[in-house]
Amino acid sequence: MKEYQITKNDSGQRLNKFLEKAVPRLSGGMMHKYLRLKRIKVNGKRAEAAYKLTEGDAVQLYLNDEYFDDVREEEAYRYIITPKLNIVYEDAHILLVDKSPGMVVHADEHGDANTLIANIQAYLFQSGAWKPDDAASFAPALCNRIDRNTGGIVIAAKTAEALRILNDKIKDRELEKKYLCVVHGAPRPGAGEIQNFLRRDEKNKQVTVHAAQVPGSKTAHTRYRTLARSGALSLVECELLTGRTHQIRAHMASIGCPLLGDGKYGSNEQNRPYREKGQALYSYSLTFRFEEDAGVLSYLNDKTFLVRNIPFVTKYFPGYTFK
C-alpha cells in the first residue's frame, strides 16, 4: 500500500486529476475500476473520481508494484505531484533556479529520481509551457551543474536555441559566476588569486592540487576576497575563472582555509563543533557577460541575478549586508 498526504498545494483538485499526476502509469479505465473495488481510498473510505481533495486527506493506493517501479530519469517529471523550485528568474527562453543543498541536479548512482531537472520539467509540464507528448517538443535541459551539497543558481534552457547559445557562452567563459563560502581561519592575503593545477582521482572522487602540471591535471584559477570575519570563521567570495571539479573546495583548503563542513578537503575535528552536514558553499551570483552576439538571448547581456537568502550567511554572519 502506498499513501499520499494531501498538502495545501494539492488541495482543491479532483481525486482523478491528482491520480493522473501521482500514478501516471495508471490508465483512466483502471483507475475507475480500482475506485469501484476500493483499492483506491481516501481516508480509508471509498471515494468517487470527482471527490475534491482537502488539506490533510490521506489517499491510499492498494495497487501492484508495477505502477511504482523505479522511474527512468526522462519520465520522472510525470511522478512529481508538486514541483519544489525556488525560481530566481524566468522568461520564454530560460529558467534560473536556486537549487537547495542536498538536491541532485541529475540522477546519480543512488538512483534518486527527485532531481532538479525532474522538478523543472514537472513545473513546465504542469504549467503547459512544455508539451512532452508533442514529437517535436524540446525537453528542457540544464546548462550547468552544482554538486549535491552545494546550493545556488542553476540555468535551465526552455528552448533548443537557448541551450545551444548558453552552451557556447559557458564554453567561451562569457558567464561570470561567483560563490560565497564560509572557511575556517582567515585567508592571507585577504584577497587574491589562486592558480595551479588540479588532477582528478576518479576512484576517490577527489582532486589533488599541484604547483606544476602533472599527467592528467588541468589549470585551475580562482579569484577570492574576504567579506567578513566571525570568530574562527571567514565569509569569502570566490569567482571561478576556470570551472574544475571541486575547484573552490580544493583551492581554499590549499591555502589553509578549508570550507566549513567539508569533510573531504577539510578536517572532521575542525568541523565537528559546528555539526554541518555539507560544505558551506553557494553559487549566489550570475552575470551574463556576452562578448559576441548572443542571438535571442542578447537581452540578458550585463544582467546580474543574485540569491541573498543563504542559510549559512544568516547563521554565522547575521549582520552581513549584501552589496
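When you go through (1) within 20 Å of PRO101 (Cβ to Cβ); (2) touching a residue at least 12 places away in the same chain (Cβ under 8 Å) one by one for ARG289, which number turns out not to apply?
Every condition holds for ARG289 apart from (1).
Somewhere in segment 165-185, is a residue more than 21 Å from the chain's Cα centre (by Cα) and over 29 Å from PHE288 (Cβ atoms)?
The answer is yes, given that some residue of segment 165-185 is more than 21 Å from the chain's Cα centre (by Cα) and over 29 Å from PHE288 (Cβ atoms).
Looking at this structure, is LYS169 crowded, with 19+ Cβ neighbours inside 10 Å and outside any strand (DSSP E or B)? Write out each step before concluding.
Numbers: crowded, with 19+ Cβ neighbours inside 10 Å: yes; outside any strand (DSSP E or B): yes.
Here the answer is yes, as LYS169 does meet what is asked.
Do you know which residues across segment 27-44 are in a loop (DSSP other than H, G, I, E, B) and either at pLDDT 85 or above or in the same structural domain as GLN126 (by TED's automatic domain parsing) (or both)? Walk me through how you get there before you give the answer.
In the first step, residues of segment 27-44 are kept if they are in a loop (DSSP other than H, G, I, E, B); the result is 27, 37-39, 43-44.
Correct list: LEU37, LYS38, ARG39, ASN43, GLY44.
Do you know which residues across segment 1-30 are crowded, with 19+ Cβ neighbours inside 10 Å and touching a Ser or Thr at 6+ places or on another chain (Cβ under 8 Å)?
ILE6, ASP10 - these are the residues of segment 1-30 that are crowded, with 19+ Cβ neighbours inside 10 Å and touching a Ser or Thr at 6+ places or on another chain (Cβ under 8 Å).
In the list ALA122, ALA118, ALA156, ALA162, which residue meets the criterion of being crowded, with 20+ Cβ neighbours inside 10 Å, modelled with pLDDT of 95 or more, outside the structural domain of LYS17 (by TED's automatic domain parsing) and part of a helix (DSSP H, G or I)? Let's see the steps before the verdict.
Details: ALA122 fails: modelled with pLDDT of 95 or more; ALA118 fails: modelled with pLDDT of 95 or more; ALA156 fails: part of a helix (DSSP H, G or I).
Criteria check complete, one pass: ALA162.
Within segment 226-254, how many residues turn out to be assigned to a strand (DSSP E or B) and either under 24 Å from the mean Cα position of the chain (by Cα) or surrounded by fewer than 15 Cβ atoms within 10 Å (Cβ to Cβ) (or both)? Give the derivation first.
Step one: of segment 226-254, the residues assigned to a strand (DSSP E or B) are 226-230, 233-240.
Okay, now just the ones that are also either under 24 Å from the mean Cα position of the chain (by Cα) or surrounded by fewer than 15 Cβ atoms within 10 Å (Cβ to Cβ) (or both), so 229-230, 235-240.
So the count comes out to 8.
What is the residue count in segment 271-314 for residues that are over 29 Å from HIS184 (Cα atoms), within 22 Å of the chain's Cα centre (by Cα) and surrounded by 17 or more Cβ atoms within 10 Å (Cβ to Cβ)?
Within segment 271-314, residues that are over 29 Å from HIS184 (Cα atoms), within 22 Å of the chain's Cα centre (by Cα) and surrounded by 17 or more Cβ atoms within 10 Å (Cβ to Cβ) number 2.
Just to be sure I understand the filter: pairs with C-beta atoms under 7 Å, separated by 6 or more residues or on different chains, first member in segment 17-39 and farther than 15 Å from VAL59 by Cβ, second member of a type in the set (A, V, I, L, M). Which pairs pass?
HIS32/ALA49
From ILE94, ILE81, grab the single residue that is surrounded by 12 or more Cβ atoms within 10 Å (Cβ to Cβ), within 30 Å of GLU161 (Cβ to Cβ) and touching a residue at least 24 places away in the same chain (Cβ under 8 Å). So that I can check it myself, show each step before the final result.
Values: ILE81 fails: within 30 Å of GLU161 (Cβ to Cβ).
The unique qualifying residue is ILE94.
Considering only residues that are within 20 Å of TYR67 (Cβ to Cβ) and touching a residue at least 24 places away in the same chain (Cβ under 8 Å), look in segment 41-50 and name the one that is nearest to the chain's Cα centre (by Cα).
Ranking the qualifying residues of segment 41-50, first place goes to VAL42.
Residues of segment 45-68 being part of a helix (DSSP H, G or I) and acidic (Asp, Glu), which ones? Full working, then the answer.
Taking segment 45-68 first, the residues part of a helix (DSSP H, G or I) are 65-68.
Across segment 45-68, the qualifying residues are ASP65, GLU66.
Take the residues in segment 255-266 that are in contact (Cβ under 8 Å) with a residue 12 or more places away in the chain and over 14 Å from PRO189 (Cα atoms), then tell me which one is surrounded by the fewest Cβ atoms within 10 Å (Cβ to Cβ).
Start the filter on segment 255-266 by keeping residues that are in contact (Cβ under 8 Å) with a residue 12 or more places away in the chain, which leaves 255-262, 264-266.
From the residues that got through so far, the ones that are over 14 Å from PRO189 (Cα atoms) too are 258-262, 264-266.
On the way: PRO258: 24, LEU259: 28, LEU260: 23, GLY261: 22, ASP262: 28, LYS264: 16, TYR265: 19, GLY266: 20.
Per the stated criteria, the residue is LYS264.
From VAL182, VAL104, which residue is surrounded by 20 or more Cβ atoms within 10 Å (Cβ to Cβ), assigned to a strand (DSSP E or B), of a type in the set (A, V, I, L, M, F, W, C) and touching a Leu at 6+ places or on another chain (Cβ under 8 Å)?
Details: VAL104 fails: assigned to a strand (DSSP E or B).
None of the others qualify; the one that does is VAL182.
Tell me which residues, restricted to segment 220-236, are without any contact (Cβ under 8 Å) to a residue 60 or more places away in the chain and farther than 13 Å from ILE194 by Cα. Outline the logic, then answer.
Step one: list which residues in segment 220-236 are without any contact (Cβ under 8 Å) to a residue 60 or more places away in the chain, which gives 220-226, 229, 231-232, 234, 236.
Within segment 220-236, THR226, ARG229, GLY231, ALA232, SER234, VAL236 qualify.
The values are calculated or read from the model by the stated rules, or taken from the named source; none is laboratory data. Just so we're clear, the structure is a prediction, and the values are computed from it rather than from any experiment. Positions of Cβ are generated from backbone atoms using ideal geometry, with glycine treated the same way; all protein chains shown enter the neighbour counts.
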